[in-house]
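Since the structure comes first, as structure tokens, the remarks are kept for the end.
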Amino acid sequence: MRLLRRLLRDPVTGVALVLAAAIILAALLAPWIAPGDPAENDLSLAMQPPGEGLLLGADDQGRDMVTRLLYGTRLTLVIGAVSVGLGGGIGAALGLLAGFYRRLDGVIMRCMDVLLSFPAILFGLAIAAIFGPGVLAVVLALSVATVPLTARIVRASASVEMGRDYIEAARAVGMGDRRLIWRHLAPNCMSALVVFATLRFGQVILLGAALSFLGLGAQAPTAELGSMASQGRTFLFFAPHIAVVPCAAIFIVVLVFNVLGDALRDALDPRLGF
Amino acid sequence: MRRLLMAVPVLLGVLLVGFLLMQVVPTDPATVRAGPMATADVVAAIRSDLGLDRPLAVQFALYLGRLLQGDLGVSIINNIPVAQELGNTVGPTLELMLASLVWSVPLGIAAGTVAAYRRGRWLDRLVMAASVGAVSVPVFFLGLVLIWFVGFRWQLLPFTGRGGPLWTRDGLLAIILPAVTLGGVFVGPVARMTRTAVLDVLGAEHVRTARAKGLPERTVVVRHALRNAMIPVVTLIGLQIGFLLGGAVVTETIFSWPGVGRLAVGAILSSDFPMAQGTILVLAGGFIAVNLAVDLIYSWLDPRVRA
């Protein structure tokens, strides 16, 4: 609660918080609040500009853009959340282990260095080449790219915590390793992890959208913001709104989470250097 | 030195991925090479010729041998040697990345320095707000907006393909929009990194000393603060080259720029496995090389890290 109050002191952060909640809610409720079905088309409406009857117009197939936008945001957010959850979870576990067990530290972190040697886009290209383009390939690529970054950050805060007295005290009373890690070490590494995950969520959405835009992600007719933008690119000169609507949506979602991540970092620990 | 040793397992990993990529291919390379009319005997002969009947470890060794000779195979789609196609596309990609860095890095460093120096004032807030906005824009959004306004509406600049060598008028005009797009997403991160680095240095003792001995403020910032702040900035820029590479793939696709990224995407989408493999190897290899170079520059700038 104190954290929330501190966050709300800055009006920009307040707006970002409200927007983030609204975006997540709209994505969750897409099937109930969307005016139609994302695949339902009426060719007589094809490329209709925003305004007359349809709030955001229709795409080249005559599908309602509001509906597509809601469902597209939903899938984009799911891709981002699953990737950050999966990659962040594995990375955090590895980071904790590396910070806790000195013998594992070298091995784990060298492996992470190897993974860090590749940009996410390369994972995306390679995984799409091996498994074929699709949502799964994107999620896999983004997760793999998230693991080493998370491991590094969690390990850094775990190493700091390991030098504190409470670890020594817990050891002295004979606490087992597993309990020590989960009950004492992990909770104290959480603030770094939360800040990182929020910032990473925005980055992952941007990367995922880029992969989908290239055609390596969600395939037509599935509504996903990146692939919608790619589809709109074809009709850029006739009906720019088909591309602009999903592009603007991606921009807003990423901006909101970046602002939120920055604010969280400043509120939780301004010294975190990322 | 440690980084140099690190590059070996990384490189092997990349090669292994490239090799595996060719293993999971649903089509049999021998059948493809033999053509649709070939008899089973011919296919078998080609199979043993290519070493496809040997154990995987031997095949990997053969694969490495072929790579060393520059043989990356032949495109399934148009029978052009992969190495030849790569040779044609590496240049344009480097050209695009350099053209983007040339303007975005100086601008980012300048903006970050000004922001740090005016910490907390409106100019700082403006720069920081702009940079958060800039890191949140999808590359393709920026590209499409530029194409729509500058290319289509105002008809000022070309927006499809490369116009020729950079020293010609056409070549120069054609690279402007792609370079503005790719550099545009790079200014934000550079500005942010520079601001953090300069803030750190401005609080350092040698800066206080410089001020105390009465040096003009300009000299303090440019000669003493900025110079030391450049060390982390150079490293971070190096680390961000991967980010730039990702942007380059998208930028090339939007502007039909004949680079490796566009080639890679096309190959993957058309299931041209040898071509996909070749492009991924080149992109990964290039990235490793850049990282190594950055490390060398880093240890040259800052003797303390030479361990």
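Scanning the range A:5-64 for residues that are touching a Ser or Thr at 6+ places or on another chain (Cβ under 6 Å), among the small types (Gly, Ala, Ser) and either in a helix (DSSP H, G or I) or free of Cβ contacts under 8 Å to residues at least 24 places away in the same chain (or both) gives a single hit, A:Ala27. Contact annotation: residue pairs with Cβ atoms under 7 Å, 6 or more positions apart or on different chains, pairing a residue in the range B:268-296 that is facing chain A (nearest Cβ under 8 Å) with a partner that is of a type in the set (Ser, Thr, Tyr) and buried (at least 21 other Cβ atoms within 10 Å of the Cβ), are B:Ile288/A:Ser117; B:Asn291/A:Ser117.
Within the range B:112-143, the set of residues being within 28 Å of A:Gly208 (Cα to Cα) and either touching a Gly at 6+ places or on another chain (Cβ under 6 Å) or not in a helix (DSSP H, G or I) (or both) comprises B:Ser131, B:Ala134, B:Val135, B:Val137, B:Pro138, B:Val139, B:Leu142. Within the range A:233-254, the only residue that satisfies the criterion of being touching a residue at least 60 places away in the same chain (Cβ under 8 Å) and within 8 Å of chain B (Cβ to nearest Cβ) is A:Ile250.
The listed residues are B:Arg66, B:Arg125, and the only one of them that is within 13 Å of chain A (Cβ to nearest Cβ) and free of Cβ contacts under 8 Å to residues at least 40 places away in the same chain turns out to be B:Arg125. Check whether at least one residue in the range B:145-158 is in contact with a helix residue (DSSP H, G or I) (Cβ under 6 Å, 6 or more places away or on another chain) and outside any loop (DSSP other than H, G, I, E, B), and report yes or no. Yes, the range B:145-158 contains a residue that is in contact with a helix residue (DSSP H, G or I) (Cβ under 6 Å, 6 or more places away or on another chain) and outside any loop (DSSP other than H, G, I, E, B). Take the conditions (1) aliphatic (A, V, I, L, M); (2) within 30 Å of A:Asp262 (Cα to Cα); (3) surrounded by fewer than 15 Cβ atoms within 10 Å (Cβ to Cβ); A:Ala26 misses just one of them, which is (3). Reported count of residues in the range A:123-149, each being more than 18 Å from the chain's Cα centre (by Cα) and either at pLDDT 90 or above or buried (at least 23 other Cβ atoms within 10 Å of the Cβ) (or both), is 6. Can you say whether A:Ala209 is in a helix (DSSP H, G or I) and facing another protein chain (nearest Cβ under 10 Å), as far as the supplied structure shows? Taking the combined requirement at face value, the residue satisfies it. Among the residues of this structure, A:Ser117 does not count as one that is within 30 Å of B:Ala7 (Cα to Cα) and away from chain B (no Cβ under 11 Å). A:Ala92 falls short of the stated requirement of being of a type outside the set (Lys, Arg), under 23 Å from the mean Cα position of the chain (by Cα) and within 12 Å of chain B (Cβ to nearest Cβ).
Of the residues B:Thr160, B:Thr181, the single one that is within 13 Å of chain A (Cβ to nearest Cβ) and surrounded by fewer than 17 Cβ atoms within 10 Å (Cβ to Cβ) is B:Thr160.
The values are calculated or read from the model by the stated rules, or taken from the named source; none is laboratory data. Worth saying up front: this structure is predicted, and the values here are computed from it rather than measured. Cβ sites come from the backbone with ideal geometry, for glycine too, and all protein chains shown count toward neighbours.
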